[in-house]
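Asker: If you scroll down you'll find the structure; I have some questions about it.
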Amino acid sequence: MSETVVRRTVVVTDPMGVHARTALAISKIVGQGKSQVKLVKKDRQARATEVLQIMTMVAELGERVEIEAVGPDAAAVADALEPLFAGKFNDETQESA
Amino acid sequence: MQKLQGIAVSPGAVIGEALVMDTEGFRIPRRFVARDAVVDELERFNKAVTAAAVEIAHHRETVSAELGEKYGAIFEAHLQMLQDSRLRGEVEELIRQRHYSPEYAVSHVLRRYAQVFQRLESSYLAERANDIFDIEKRLLRHLLGRRREGISHLTSPVLVLAHNLTPSETSNLDRRFVRGFVTEVGGPGSHTAIVAEALEIPAVVGTGPFLTDVSGGETVIIDGDQGLVILQPDEETLARYRREAEEKRIQATKLEPLRDLPAETRDGVRIELLGNIEFPYEVDHCVDRGADGVGLYRTEFLYLGAEIEPTEEIHYQAYTRVVQAMGNKPVVIRTFDLGADKMPNMPHPEDNRNPCLGLRSIRLALRNLPVFRTQLRAILRASVLGKVHVMFPLVSTLLELRQAKMVLADVMEDLQEHNLPFDRNMPVGMMVETPAAAMMADRFVEEVDFLSIGTNDLIQYTLAVDRTNKDVVGLYNPVDPAVLKLVAMAIEAADRKPVPISMCGQMSGSPLYTILLLGMGLRRFSVTPSAIPEVKNLCRRVTIPECRTVAERVMTMENARDVKNYLKEEVKKYVEEVAE
């Protein structure tokens with residue numbers, strides 16, 4: 001597998017913005033993968049493994065966030081992260097309300 | 001340095017240590033650690049993080065098991081935040097480099113994070129600050145352990161900074177050590193304002209959100225004259241406030257000898273200076289200042305924050321304390337002056353779009369006779385202990401006054417039947433605080449033993465201004481000619497009868513207006529006890545003819561600004577400096 005760089009811009013469509021649970025899910029996915037990921041919002045950025053950094057980046061509904069992944073599974077990680085910004089959690093505890 | 005503008009509700013300025021009251025009511029002293037203790041303190045911090053982490057993990061498991069993974073996830077997120085490398089790095093840096101105590105460092109760093117959220121417009125994300133506060137609390141609990149100090153057990157002087165203070169919080173505060181209040185919300189009539197005035201400590205309310213900008217233990221200045229709160233003051237500002245405090249102290253010392261001298265004008269006219277009080281303990285402030293009595297004993301505190309309606313005995317105990325402390329000097333007890341929303345166990349009125357013009361005060365009393373009668377019984381029972389007067393608030397028609405007097409007569413009969421002693425000749429009076437009462441004062445004086453002008457409401461109702469509304473507060477002015485005309489009407493009507501008339505609003509306590517009021521014929525002032533020395537000082541320097549000249553001139557003026565400027569000049573002729 002080769003080192004790839006993936007940059008993908010997502011728009012936050014979760015009405016509650018990127019909240020604690022989103023941040024946690026992001027950090028978990030990134031922690032399990034093999035790529036280095038950072039999130040960039042305008043002049044702010046966060047290491048995607050750090051919940052507090054992700055949260056204090058403060059991404060609200062309608063804002064653009066760039067996912068920058070570097071590593072062998074960069075594209076797969078970015079794919080896995082994308083739905084989180086829409087409030088879709090890929091586990092059995094799907095948002096119900 | 002950061003300055004916040006709020007509403008000044010209790011005068012004076014004070015420099016002190018901040019007690020931030022949102023962290024479960026415990027305080028973080030600003031403490032520095034010795035250089036050689038840094039290693040131990042870092043270890044203490046790390047232990048606290050570990051302990052907090054174990055606790056959160058435990059919570060996560062319990063919550064996940066009971067409510068599902070989705071809810072447990074929030075604690076998982078807290079756990080991650082707690083162990084965030086940057087956060088820990090920042091705290092450790094403050095301990096290592098700046099020798100902050102771990103408590104102070106934690107509070108400082110986490111508040112900066114919380115600020116990021118609190119500044120946001122969006123409420124969803126702004127509430128996220130609570131996640132951070134939650135972590136802060138948890139860490140502090142582990143760090144402080146048993147040493148955490150509750151607000152009811154203070155050991156050193158503090159300035160209390162809070163979002164809002166509830167009656168139960170203020171009643172639990174240790175009065176010996178609280179030196180000032182700031183609340184983010186609230187207006188001049190708020191509970192904090194009343195308590196601060198009663199404690200005679202500076203207070204500023206309605207500053208808007210700022211608590212995340214300050215950590216407990218930091219030095220803060222509260223300027224209750226200007227309505228300013230100064231965070232992280234610079235040396236120059238501190239020096240200025242210290243100098244002013246010193247000057248005030250000297251000034252107060254100068255006025256001390258006046259305590260035992262009568263408030264008598266240079267031409268020998270005796271002026272009566274009485275105290276306004278809210279809480280029974282304030283009667284001591286009146287005695288200390290040599291007050292001629294209690295001119296306004298507000299009884300709202302008995303109801304505010306009470307779970308159930310106060311019993312007759314609770315009323316009686318409070319009144320007894322005040323009446324006995326005043327001995328043979330008069331005590332004017334005002335019956336409750338509240339809306340139904342502030343009364344325990346009273347259904348909220350259906351129609352309350354306009355509370356100031358709605359069912360409150362005497363109107364509410366006359367609709368809830370059992371509550372009213374309980375209070376009147378206690379007042380009457382206390383009347384044999386001293387010189388008790390009863391006063392009805394917010395009377396606007398003669399019929400209301402007559403109804404209230406009928407209820408009183410009825411309660412008297414009841415007491416007599418039970419052979420309970422009371423003063424049958426207890427003077428009965430009313431507040432003049434609606435334009436209606438002032439305009440009908442000539443009729444009211446036929447049916448009361450005394451009048452008392454309540455300027456706060458009279459100004460509000462005359463000028464149609466809510467003084468808590470910052471857009472129109474500029475119109476709120478005690479010396480607006482319209483207000484002065486009504487005050488003059490009331491004084492003239494009382495003098496003609498004659499019945500005694502006093503003034504008990506904030507206006508009467510400001511030396512700026514003393515000359516004018518004396519000139520208008522007022523001889524009885526009821527003021528916040530701390531204002532007695534200054535008002536007395538001025539009374540003793542003027543003559544009545546001098547005051548009359550001033551009043552006559554004022555009555556020809558057409559707007560409040562001119563009156564105020566003129567009075568400022570006049571007062572300067574007698575005393576060096578006068579606060580508004």
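The values are calculated or read from the model by the stated rules, or taken from the named source; none is laboratory data. Just so it is clear, the structure is predicted and the values come from calculations on it, not from any experiment. In this analysis, Cβ positions are derived from the backbone assuming ideal geometry, glycine residues included, and neighbour counts consider all displayed protein chains.
Asker: Which condition number in (1) surrounded by fewer than 14 Cβ atoms within 10 Å (Cβ to Cβ); (2) modelled with pLDDT under 90; (3) of a type in the set (A, V, I, L, M, F, W, C) is the one that B:V54 fails?
Answerer: In the conditions (1) surrounded by fewer than 14 Cβ atoms within 10 Å (Cβ to Cβ); (2) modelled with pLDDT under 90; (3) of a type in the set (A, V, I, L, M, F, W, C), B:V54 misses (2) alone.
Asker: For the stretch B:408-440, give me each residue that is within 26 Å of B:K329 (Cα to Cα) and outside any loop (DSSP other than H, G, I, E, B).
Answerer: B:L408, B:A409, B:V411, B:M412, B:L415, B:Q416, B:V428, B:G429, B:M430, B:M431, B:V432, listed by residue number.
Asker: If you go through the stretch B:341-373, how many residues are of a type outside the set (V, I, T) and either in contact with a Ser or Thr (Cβ under 6 Å, 6 or more places away or on another chain) or in a helix (DSSP H, G or I) (or both)?
Answerer: 15
Asker: Return the pairs, sorted by first residue and then second, in which the second residue is polar (S, T, N, Q), the first residue lies in the stretch B:176-189 and is in a strand (DSSP E or B), the beta carbons are less than 7 Å apart, and the residues are 6+ apart or on different chains.
Answerer: Final answer for the pair search is B:F181/B:T192; B:V182/B:T207; B:T183/B:N164; B:T183/B:T192.
Asker: Quick test of your reading of the structure: B:S85 fulfils all but one of (1) within 20 Å of A:L52 (Cα to Cα); (2) within 14 Å of another protein chain (Cβ to nearest Cβ); (3) surrounded by 17 or more Cβ atoms within 10 Å (Cβ to Cβ). Name the failing condition by number.
Answerer: Result: B:S85 passes all but (3).
Asker: So, in the stretch B:527-566, how many residues would count as being touching a Ser or Thr at 6+ places or on another chain (Cβ under 9 Å) and either aliphatic (A, V, I, L, M) or at positive phi (or both)?
Answerer: The qualifying residues number 6.
Asker: Across the stretch B:61-82, what is the number of residues that are over 43 Å from the mean Cα position of the chain (by Cα) and more than 10 Å from chain A (Cβ to nearest Cβ)?
Answerer: Residues that pass the stated criteria total 5.
Asker: (1) out of contact with any Ser or Thr (no Cβ under 6 Å at 6 or more places or on another chain); (2) touching a residue at least 40 places away in the same chain (Cβ under 8 Å): which one isn't true of B:E312, the others all being true?
Answerer: The single condition B:E312 does not satisfy is (1).
Asker: Here is a further query. Can you tell me which residues in the stretch B:95-120 are surrounded by fewer than 19 Cβ atoms within 10 Å (Cβ to Cβ), modelled with pLDDT of 85 or more and not charged (D, E, K, R)?
Answerer: Of everything in the stretch B:95-120, those that are surrounded by fewer than 19 Cβ atoms within 10 Å (Cβ to Cβ), modelled with pLDDT of 85 or more and not charged (D, E, K, R) turn out to be B:Q97, B:H99.
Asker: Restricting the search to the stretch B:122-139, which residues are farther than 23 Å from B:V49 by Cα and either within 9 Å of another protein chain (Cβ to nearest Cβ) or at pLDDT 75 or above (or both)? Steps first, please.
Answerer: Of the stretch B:122-139, the ones farther than 23 Å from B:V49 by Cα are B:122-127.
Across the stretch B:122-139, the qualifying residues are B:S122, B:Y124, B:L125.
Asker: Can you name the residue in the stretch B:385-399 that is surrounded by 20 or more Cβ atoms within 10 Å (Cβ to Cβ) and of a type outside the set (F, W, Y) and, of all such residues, is farthest from the chain's Cα centre (by Cα)? Write out each step before concluding.
Answerer: Step one: of the stretch B:385-399, the residues surrounded by 20 or more Cβ atoms within 10 Å (Cβ to Cβ) are B:386, B:388-395.
With the extra rule that they be of a type outside the set (F, W, Y), the set shrinks to B:386, B:388-391, B:393-395.
Values: B:G386: 28, B:V388: 25, B:H389: 24, B:V390: 23, B:M391: 22, B:P393: 19, B:L394: 20, B:V395: 24 Å.
Looking at the filtered set, the residue picked out is B:G386.
Asker: Please indicate, with yes or no, whether at least one residue in the stretch B:546-556 is in a loop (DSSP other than H, G, I, E, B) and either under 20 Å from B:V269 (Cα atoms) or of a type outside the set (S, T, N, Q) (or both). Steps first, answer last, please.
Answerer: Looking only at the stretch B:546-556, we keep the residues that are in a loop (DSSP other than H, G, I, E, B), and these are B:555-556.
Narrowing the set further to residues that are either under 20 Å from B:V269 (Cα atoms) or of a type outside the set (S, T, N, Q) (or both) leaves B:555.
Taking every residue of the stretch B:546-556 in turn, at least one turns out to be in a loop (DSSP other than H, G, I, E, B) and either under 20 Å from B:V269 (Cα atoms) or of a type outside the set (S, T, N, Q) (or both).
Asker: When residues of the stretch B:266-311 are filtered for being part of a loop (DSSP other than H, G, I, E, B) and among the β-branched types (V, I, T), how many remain?
Answerer: 5
Asker: Scan the stretch A:45-67 for residues that are of a type in the set (S, T, Y) and either within 17 Å of A:A86 (Cβ to Cβ) or touching a Lys or Arg at 6+ places or on another chain (Cβ under 7 Å) (or both) and jot them down.
Answerer: None; the set is empty.
Asker: Find the helices (runs of 4 or more DSSP H) located wholly in the stretch A:1-87 whose residues include 1 or more that are away from chain B (no Cβ under 12 Å) and over 17 Å from B:A73 (Cβ atoms), and list them.
Answerer: A:74-81
Asker: Moving on. Anything in the stretch B:238-265 that is among the hydroxyl-bearing types (S, T, Y), surrounded by 12 or more Cβ atoms within 10 Å (Cβ to Cβ) and part of a helix (DSSP H, G or I)? List them, or say none.
Answerer: The one that is among the hydroxyl-bearing types (S, T, Y), surrounded by 12 or more Cβ atoms within 10 Å (Cβ to Cβ) and part of a helix (DSSP H, G or I): B:Y241.
Asker: Would you mind telling me which numbered condition in (1) under 29 Å from the mean Cα position of the chain (by Cα); (2) assigned to a helix (DSSP H, G or I); (3) surrounded by fewer than 18 Cβ atoms within 10 Å (Cβ to Cβ) B:A325 fails?
Answerer: (3)
Asker: Inspect the stretch B:183-205 for any residue being buried (at least 16 other Cβ atoms within 10 Å of the Cβ), touching an Asp or Glu at 6+ places or on another chain (Cβ under 8 Å), of a type in the set (D, E) and not assigned by TED's automatic domain parsing to the domain that holds B:P533 and give the result as yes or no.
Answerer: yes
Asker: Sticking with this structure for a sec: I'm checking my understanding of the structure. Among residues of the stretch B:26-51 that are among the aromatic types (F, W, Y) and at pLDDT below 90, which one is nearest to the chain's Cα centre (by Cα)?
Answerer: To start, the set of residues in the stretch B:26-51 that are among the aromatic types (F, W, Y) comprises B:26, B:32, B:45.
After this cut, where a residue has to be at pLDDT below 90 as well, the list is B:26, B:32.
Details: B:F26: 22, B:F32: 34 Å.
Out of the qualifying residues, it is B:F26.
Asker: Now a separate question. Name every residue in the stretch B:390-402 that is touching a helix residue (DSSP H, G or I) at 6+ places or on another chain (Cβ under 9 Å) and under 16 Å from B:G295 (Cβ atoms), in order of residue number.
Answerer: Hits for the stretch B:390-402 are B:V390, B:F392, B:P393.
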